[in-house]
Amino acid sequence: MSRLLHANYQVSNEHYLPVVDWSAINATAPTGLLLPRTKLPNADIAVITWTSAEWSALDHVFINSDKERGPYAEEWRDSWVPLTLTGETTPLLYFQLVSVTTESNVDKKVLLIKSEVHLAHPPYILGVENLVDTIIKQSGVTTVISTGTAGGSSTKQPLGDVVLTCAAHIELEKAENIDHCDYNRQTFTGADIFPSADIYDKVKNSLMMPLDTVWNDTSIAKSVDELNKRASTSYTADDLINTPLVPSNLKSNNIEFAGVQPLLTTDFYFIDNGTSASAYCFLEMDDAVIAHQCQQQGVAYGFIRNVSDPVVVSTDKEGKTIPADIREDWSGIVYSLCGFYTTFNSALTCWAAINSLKK
């Protein structure tokens, strides 16, 4: 959920993201455009992502889709341009610019953004607000889309599914955020910019990566072993594997249109127990700030996120409560192993959303 992992999990995956066969859906790959070096270029749409794994998957789909991509590749980063604001010493963001041809044969300039700010660390909410304002002011975009990983809000959302919404609710706890926010606990609802279109089914059926490719009996065994070593416990797969993590449920992943059902933005890592977050379509840690800033400036917004952190069990097979720190470790292990691959699915869905735009 654009989360910052505070633990160094040892479990890893060596699978590669595949070459994107655009011809399979009768489409063409996005085209790279020339970049300025000191400011953001003019664009129609901005797509923002957050963590390193999300950034890599976004680059793979929109820029380097003609070759496989491993989870630890970094050389591609050299082509992204840093933007450092006057008076600052570290970049606010990194950017790229591509052209995407829509289904109605219109070329859209898409500004790809890797954010270096986040609600969970300095400069907190002021940094995220500055990020969005800078993007809108310098590039003139009329639509902002945030994409990346997310927490599931129910056990009906399996690992790797993608959810789209145009509404967000914010719940902040950190003083660094609350002290600078006059819209905490509010909900923002924008126009639904993600109407259903045939291209989503084409992307789902022909391009998306089934998560049973990377989450299977072998990786489950490694993950359970990692958890038990970390926590000195003796859990088994029968204790930990629930419906969203059963490999046979991951042979194909869905794209869910939540309409204006809001996501939940928090500045703390929140693991749902399968019932407490039913009002929300997913859980994450930045998007409501984007909604607020876009709404202030009359810019359309939407959110396309993948379920990298499905709802995990709260009791073992004998009905005993699993401690919160164990649940967080288990969720973190799943994310570390699979977040790069689940994000591939939401990056492809971003492309589909842009392709289906009518204006």
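The values are calculated or read from the model by the stated rules, or taken from the named source; none is laboratory data. This one's a predicted model, so the numbers in the text were calculated from it and none came from an experiment. All Cβ positions, glycine included, derive from the backbone under ideal geometry; neighbour counts span all protein chains shown.
Things to note:
- A single entry from 222, 202 fulfils the requirement of being under 30 Å from residue 23 (Cβ atoms), touching a residue at least 40 places away in the same chain (Cβ under 8 Å) and either over 20 Å from the mean Cα position of the chain (by Cα) or in a helix (DSSP H, G or I) (or both): 202.
- Subset of the stretch 39-74 (residues that are farther than 18 Å from residue 98 by Cα, among the small types (Gly, Ala, Ser) and assigned to a loop (DSSP other than H, G, I, E, B)): 70, 73
- Reported count of residues in the stretch 277-311, each being farther than 20 Å from residue 127 by Cβ and not in a strand (DSSP E or B), is 9.
- Residue in the stretch 214-222 that is in contact with a His (Cβ under 9 Å, 6 or more places away or on another chain) and at positive phi present: no
- Within the stretch 12-30, residues that are touching a residue at least 12 places away in the same chain (Cβ under 8 Å) reach partners that are hydroxyl-bearing (Ser, Thr, Tyr) and part of a loop (DSSP other than H, G, I, E, B) with beta carbons closer than 6 Å, at six or more positions or on different chains, in the pairs 20/65; 22/28; 29/65.
- Flag if residue 97 is in contact (Cβ under 8 Å) with a residue 60 or more places away in the chain and not in a strand (DSSP E or B): no
- Residue tally, condition modelled with pLDDT of 95 or more, buried (at least 22 other Cβ atoms within 10 Å of the Cβ) and of a type in the set (Gly, Ala, Ser), over the stretch 127-166: 5
- Output for the stretch 36-72, where each listed residue is in contact (Cβ under 8 Å) with a residue 24 or more places away in the chain, of a type in the set (Ser, Thr, Tyr), surrounded by fewer than 24 Cβ atoms within 10 Å (Cβ to Cβ) and closer than 23 Å to residue 289 by Cβ: 51
- Filter result (closer than 15 Å to residue 336 by Cβ and either of a type in the set (Ser, Thr, Tyr) or exposed (fewer than 14 other Cβ atoms within 10 Å of the Cβ) (or both)) within the stretch 226-239: 229
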